[in-house]
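Novice: Got a structure here, written out as structure tokens. Questions coming.
No value in this document is a laboratory result; all are computed from the given coordinates. Values in this document were obtained by computation on a predicted structure and should not be read as measured data. Every residue, glycine among them, receives a Cβ derived from its backbone with ideal geometry; neighbour counts consider all protein chains shown.
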Amino acid sequence: MEKRTLIIYTLIILLGCIFAVMSGYSQEDVTTVEDSAFEKKMRPGVPFLHDQHNEQAELDECNTCHHVYEDGKLVEYDSSEGQECSECHTINKGDNPISLVNIYHLQCKGCHQEKKAGPIMCSECHPR
Amino acid sequence: MHDIYNFVSGPLVWASFIIFFAGCLYRLISMAVLARKKDVFVYEYMSFKFGLRSILHWITPFGTVKWRKNPFFTIVTFTFHICIIFIPIFLSAHIILWKESWGVSWWYISDTAADVLTIVAIASCIFFLVRRIVLPEVKYLTSISDYVILAIVAAPFITGFWTYHQWPGFRIMGILHIIAGETMLAAIPFTRLIHMIFFPFTRGYMGSEFGAVRHAKDW
Ligand code: HEM
């Protein structure tokens with residue numbers, strides 16, 4: 001085999017591998033917020049391109065959102081990513097879900113209002 | 001958009017609620033003072049028993065001769081009033097906003113139910129409008145202000161429905177919706193919509209006078 005053909009083949013295989021890995025990643029990437037604790041959903045899941053959002057909003061600390069509290073105080077150097085918000089902000093089955101809705105709204109909408117950037121109206125976060 | 005939204009959903013909400021409560025209180029007090037000045041017997045005749053008896057008849061569908069005479073109008077009137085009280089207080093989106101601002105929440109109706117009630121409310125407004133235009137005896141008594149009041153009342157329903165269904169321009173509609181709701185609240189003390197506050201007193205007085213003085217029914 002010619003050297004040039006070899007390089008091209010290698011490149012193609014390499015690209016293929018990268019593509020496969022990337023697409024595998026993006027399948028796992030969070031693209032919507034859809035908490036499993038909401039039984040009967042009133043609205044479709046909220047589009048949320050996790051990594052892109054945090055990059056654009058310049059959120060470097062994971063625990064800005066995935067926080068951990070101890071004795072009612074925010075723990076600075078700990079985070080809770082991988083846990084759904086509802087694992088700590090629990091609602092019982094059949095309960096009024098408004099308290100869980102609220103912690104999402106306080107966190108998402110709260111920051112958007114503070115920074116005057118990002119969606120704040122129902123329809124902007126909950127497209128039909 | 002942030003500044004506009006924050007303004008209409010912050011200071012303007014405060015303003016409208018303060019105008020609503022203070023305005024209603026003012027109207028009630030000035031009416032009470034006026035009644036004492038013009039006709040002291042208003043207070044003499046006011047009777048809890050006869051007043052309540054009349055109010056209960058009038059808030060019961062078909063509980064009065066007038067309601068029975070006009071069955072269709074009666075049905076529309078009652079459903080409309082149920083909608084206008086029920087939707088703003090028990091809509092999930094409104095409750096979510098109460099929770100965000102004040103940490104309080106209560107029972108709410110499903111969004112589907114809200115949609116149905118909203119359509120009924122808008123249809124009722126159209127009915128009231130057509131009735132005003134078509135019936136000569138109603139048209140005769142109608143002034144521009146009646147149409148304005150009808151528009152003020154219909155606007156929150158139309159804009160809210162529009163926003164919820166995210167039809168084109170829904171962001172602007174959302175802002176307009178909030179302003180429309182606030183306009184309605186603030187307009188209550190200063191328009192005929194004050195009947196919402198005065199009804200128990202006017203009806204209660206009629207009931208008292210008919211019941212205790214004339215020994216007759218007023219329904
Ligand atoms: C005090 C000001 C008010 C505010 C801040 C407000 C806010 C809202 C919001 C945020 C929505 C949801 C839109 C969406 O889901 O995208 C909504 C919907 C709605 N609101 Fe209001 N509202 C107000 C007053 C009122 C009043 C006074 C009425 C009726 C008399 C009303 C009737 C409705 C209706 C009918 C809907 C749509 C419900 C549906 O189609 O499911 N609102 N409102």
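Novice: What's the angle, to the nearest 10 degrees (0 to 90), between helix B:111-134's Cα axis and the longest principal axis of chain B?
Specialist: Taking Cα atoms only, the helix is inclined about 60 degrees.
Novice: A further question on this structure: Under 10 Å, Cα contacts only: if you run a Gaussian network model on chain B, which one of B:LEU150, B:LEU97, B:LEU129 comes out with the highest mean-square fluctuation?
Specialist: Among B:LEU150, B:LEU97, B:LEU129, the largest mean-square fluctuation in the Gaussian network model of chain B belongs to B:LEU97.
Novice: Could you identify which residue out of B:ALA32, B:ALA123, B:ALA187 has the top mean-square fluctuation in a GNM of chain B using Cα springs shorter than 10 Å?
Specialist: B:ALA32
Novice: Sticking with this structure for a sec: Could you tell me the extents of chain B's C-alpha atoms along the three principal axes, largest first, rounded to whole Å?
Specialist: If we take the Cα atoms of chain B, the spans are 60, 37, 36 Å.
Novice: Residue by residue through the stretch A:74-91, what is 3J(HN,Hα) from phi via Karplus (6.51 cos²θ - 1.76 cosθ + 1.60, θ = phi - 60°)? Round to whole Hz and write x for glycine and proline.
Specialist: Each residue of the stretch A:74-91 in turn: 5, 8, 5, 9, 10, 9, 10, 4, x, 9, 6, 3, 6, 5, 9, 8, 6, 10 Hz.
Novice: Could you work out how far apart the two model spin labels at B:VAL148 and B:TRP167 are, taking each label as a point 7 Å from the Cα in the direction of the beta carbon, and quote it in nm?
Specialist: Between B:VAL148 and B:TRP167, the simple spin-label model gives 2.6 nm.
Novice: Can you give the helix-only mean residue ellipticity at 222 nm for the protein assembly as shown, where every DSSP H stretch with n ≥ 4 adds -39500 (n - 2.57) and the sum goes over all residues, rounded to the nearest 500 deg cm²/dmol?
Specialist: -21000 deg cm²/dmol
Novice: Something else now. Mind listing the Cα extents of the protein assembly as shown along all three principal axes, in Å, largest one first?
Specialist: Projected onto its principal axes, the Cα set of the protein assembly as shown covers 114, 53, 38 Å.
Novice: Expressed as an acute angle from 0 to 90° and rounded to the nearest 10, what is the orientation of the C-alpha long axis of helix B:144-164 relative to the principal long axis of chain B?
Specialist: 40 degrees
Novice: Turning to a different aspect of this structure: Pull out a ≥ b ≥ c, the square roots of the eigenvalues of the alpha-carbon gyration tensor of the stretch A:30-125, then state rounded if a/c is under 1.5, prolate if not and a/b is larger than b/c, and oblate in the remaining case.
Specialist: Since a/c reaches 1.5 but b/c is at least a/b, the shape of the stretch A:30-125 is classed as oblate.
Novice: To continue, here is another question. Would you work out if the stretch B:38-150 is rounded, prolate or oblate? Take a ≥ b ≥ c from the square roots of the eigenvalues of the alpha-carbon gyration tensor; rounded if a/c is under 1.5, else prolate when a/b is larger than b/c, oblate otherwise.
Specialist: Judged from the Cα gyration tensor, the stretch B:38-150 comes out oblate (a/c at least 1.5, b/c at or above a/b).
Novice: If you line up the long axis of helix B:48-58 against the longest principal axis of chain B, both from Cα atoms, how many degrees apart are they, to the nearest 10?
Specialist: Tilt relative to chain B: about 60 degrees.
Novice: Search the structure for amide H atoms under 5 Å from the amide H of A:VAL46, placed 1.01 Å from N in the peptide plane, and list their residues when 5 or more places away or on another chain.
Specialist: Under 5 Å from the amide H of A:VAL46 lie the amide H atoms of A:VAL33, each far enough along the sequence or on another chain.
Novice: Please enumerate, by chain and number, the lysines with C-alpha under 28 Å from the C-alpha of B:LYS217, excluding those fewer than 8 residues away in the same chain.
Specialist: Filter leaves B:LYS37, B:LYS38, B:LYS49, B:LYS66, B:LYS69.
Novice: Could you tell me which of B:TYR43, B:HIS57, B:TYR5 has its Cα farthest along the dipole of the stretch B:1-147 towards the positive end, charges placed at Cβ (Lys, Arg +1; Asp, Glu -1), taken about the Cα centre?
Specialist: My answer, from the dipole projection, is B:TYR43.
Novice: Next up: Tabulate in residue order the Karplus-calculated ³J(HN,Hα) for the stretch B:73-81, using 6.51 cos²θ - 1.76 cosθ + 1.60 with θ = phi - 60°, rounded to whole Hz; enter x for Gly and Pro.
Specialist: Coupling constants for the stretch B:73-81: 4, 4, 4, 5, 4, 5, 4, 4, 5 Hz.
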